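First up is the structure itself, then whatever we jot down about it.
No lab work stands behind these numbers, since they all come straight from the coordinates. Since the model is a prediction, treat every value here as computed from it, not as a measurement. Here the Cβ positions follow ideal geometry from the backbone for every residue, glycine too, while neighbour counts run over all protein chains shown.
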Amino acid sequence: MIKFFRKIRQNMIKENRFSKYSLYAVGEIILVVIGILIALQINNANESRKSAKQETLYLKRLLSENKEDINTFKTNIADLEKGIETIENLSNALNTAHTNDSTLLKSANEYFKYGSIYPIFVSSTSTFDDLSSTGNLKDIQNTSLRDELVKHYAKHKQVAEWISIGTEWALPNDAPFTYNNSIMRFEPTSSFLFGDQHLSDQVNHLRDKKTEYINNAAVHYWINIDAIDKLQILINDTNTIISLIEEELKK
């Protein structure tokens, strides 16, 4: 084809048909430009299809991770609520004058097992981290959804930091209490290290140190309640994000 056009040009030049040659040259340029535009259009269409496919993949991953987060947060809340229950049971046992020894000791053991555990925060952010670090966040075409995602994952960091602050506040109170009262004597796996222990000695210790134990339990009660509140807010926000992503995938 190129040789054909070149031959036409050469014949026109030899025959001194410059006006026709100029017109032909303009037409050839127009054909070249049209060809380039068509190629660009095809390339842009291909890129758009790739981008749309990539966006759908990212949205599905975000949807899956946020649904996973809902289950994780609910499990965390259930664990914290179990801890709160043991804290309340210990308080009732210590504050009731005629609590029998076995009930008091059981409530203390359950508190050490569940109530004195610190809240944790774990969430799935790998897809959003990938979008942010690679600059692919722009693949989410819906700017409103994109903004909501940025705000949503900022809340993840806020909750993580808030729970961490609660833990850092509680630790200086918890560590001396644990050591000074030798509470590892109540832990089945380490109790043998303290030699033979009589039930009466353990419960008398709990009653004598009633205020210290309730103070310690109150610290964990506060950080558990606070963590539950933050996680519940995040669950509500996550449900909203899930709805927005599902709506976008339907388009």
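A cut-off under 15 angstrom between Cβ atoms defines the neighbours of SER182, and their net charge, with Lys, Arg +1 and Asp, Glu -1, is -4.
Gain on full extension, evaluated as 0.36 nm per residue between ASN236 and ASP196 minus their Cα-Cα distance, stands at 9.3 nm.
Taking other C-beta atoms within 10 Å as the exposure proxy, VAL122, VAL159, VAL150 rank VAL122, VAL150, VAL159 from fewest upward.
How would you rank 107-113, 236-242, 52-58, highest first, on the average number of other Cβ atoms within 10 Å across their residues?
Highest to lowest by the protection proxy: 107-113, 236-242, 52-58.
Full extension of the chain between VAL122 and THR143 yields a length gain of 4.8 nm, computed as 0.36 nm times the residue separation minus the alpha carbon distance. Considering only Cα atoms, the convex hull volume of segment 56-250 works out to 129 Å³ per residue. Sorting the segments 203-210, 187-194 by their mean number of nearby beta carbons within 10 angstrom, highest to lowest, gives 203-210, 187-194.
Pairs of Lys residues in segment 56-250 that lie 8 or more places apart, or on two chains, and have C-alpha atoms under 14 angstrom apart add up to 6. Net charge of the neighbourhood of GLU110, taken over other residues with C-beta under 10 Å away and scored Lys/Arg +1, Asp/Glu -1, is +2.
Taking 0.36 nm per residue of sequence separation and removing the Cα-Cα distance, the ASP229/ILE214 pair yields an extension gain of 3.2 nm.
For segment 202-235 and segment 88-149, compute the distance between their C-alpha centroids and round to whole Å. The distance from the Cα centre of segment 202-235 to that of segment 88-149 comes to 14 Å. Using every pair of separate Cα atoms, the Kirkwood estimate puts the hydrodynamic radius of segment 121-161 at 10.7 angstrom.
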